[in-house]
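The values are calculated or read from the model by the stated rules, or taken from the named source; none is laboratory data. Since the model is a prediction, treat every value here as computed from it, not as a measurement. Cβ coordinates were reconstructed from backbone atoms using ideal geometry, including for glycine residues, and neighbour counts include every protein chain displayed.
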Amino acid sequence: MAYDESTYGERIADIYDELSSSRGDVDTAVEFLASLAKGRRALELGIGTGRVALPLAAHGIRIHGIDASPAMVERLRGKTGGVEIPVEFGNFAEVRIGGRFALIYVVFNTFFALLTQEDQVRCFSRVAKRLAPDGIFVIEAFVPDLSLYVREQRTSIFSTSDERTVINLTQLDRANQRVRAQTLVIGEEGIRRFPVELRFAFPAEIDLMARLAGMRLRERWGGWDRRPFTSESALHVSVYEMVPAPVVTPIRTAKRARLKIVPGKKPRR
């Protein structure tokens, strides 16, 4: 089966919340995003099971979502408040959902699920059209560290216990800024494989995508807790805003003097 934008979510939906439970930054992320939404409409790209969207909605934010995986959204629907969140199905690079939003956000490296530079640039362009004039676009993503790979490969243990071990196997394609990975869940029931493909980008490239869409970086942090972003940061939380339209000041020109012509006399002003 060919890999597409729905593959990851369709395969991992039933255990996604369990695997992501070790990420203890949800509360901090929600507080960060709620401070930007200020009670207005917000849109999550790749809403998934609602790990961030549901607690954000509990803050009084009107949440909408986009996702390519019906299985992930089904999990969202099964949670308290999940049926009340409107979700559009499809590739979030298109951002076809209507209306304007005070906040659009994409978290946990999901922006990199867009597998071409063209899709990533188009996503910024569509986001710019859906933001309110004072709206904000927030991206949380890892900072690529190619030194982690040996012969373009990397193996890491996500977690291990007497019942189960979770291993991540990753292959790097430097030329195309792509990684292809398999998460292996090894337990008493056997081995389950969950594929994921990403097209990573460095922060400077993402900033350029924003500029092409008429946006600019407002601030960048090394985490949701607003720790400083440095050369040692493993991830970044980047906040983009629209570039204000230039103020055009009308130029007043002197009224052209009219000349009165009288035969045989010099023109009078």
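Remarks
- Residue count for the stretch 169-228 under the criterion of being under 24 Å from R154 (Cβ atoms) and touching a helix residue (DSSP H, G or I) at 6+ places or on another chain (Cβ under 9 Å): the result is 20.
- Residue within the stretch 155-172 that is at pLDDT 95 or above and out of contact with any strand residue (DSSP E or B) (no Cβ under 6 Å at 6 or more places or on another chain) present: no
- Near pairs, Cβ below 7 angstrom, 6+ apart or cross-chain, from the stretch 130-148 (at pLDDT 95 or above) to any residue that is among the aliphatic types (A, V, I, L, M) and surrounded by fewer than 15 Cβ atoms within 10 Å (Cβ to Cβ): F142/A234; V143/A234
- Any hit, the stretch 136-145, residues being assigned to a helix (DSSP H, G or I) and in the same structural domain as R226 (by TED's automatic domain parsing): no
- Filter pass, R75 being crowded, with 18+ Cβ neighbours inside 10 Å, among the basic types (K, R) and within 25 Å of R211 (Cα to Cα): no
- Pairs where the first residue, in the stretch 241-255, is modelled with pLDDT of 70 or more and the second is among the small types (G, A, S), C-beta under 7 Å, 6+ apart: M242/A128; M242/G135; M242/G214; V243/G214
- Options F32, F101, F124, F111: the member that is in contact with a Cys (Cβ under 9 Å, 6 or more places away or on another chain), surrounded by 20 or more Cβ atoms within 10 Å (Cβ to Cβ), outside the structural domain of A175 (by TED's automatic domain parsing) and modelled with pLDDT of 95 or more: F111
- Identification of strands (runs of 3 or more DSSP E) wholly contained in the stretch 162-245 with 3 or more residues that are farther than 21 Å from V127 by Cβ yields 164-173, 178-187, 190-199.
- Out of F194, F202, sole residue that is touching a residue at least 12 places away in the same chain (Cβ under 8 Å) and exposed (fewer than 15 other Cβ atoms within 10 Å of the Cβ): F202
- Counting only strands (runs of 3 or more DSSP E) wholly contained in the stretch 26-127, the ones carrying 1 or more residues that are free of Cβ contacts under 8 Å to residues at least 24 places away in the same chain and at negative phi occupy 62-67, 87-89.
- With respect to the conditions (1) buried (at least 17 other Cβ atoms within 10 Å of the Cβ); (2) under 14 Å from the mean Cα position of the chain (by Cα), S233 falls short on a single one, namely (2).
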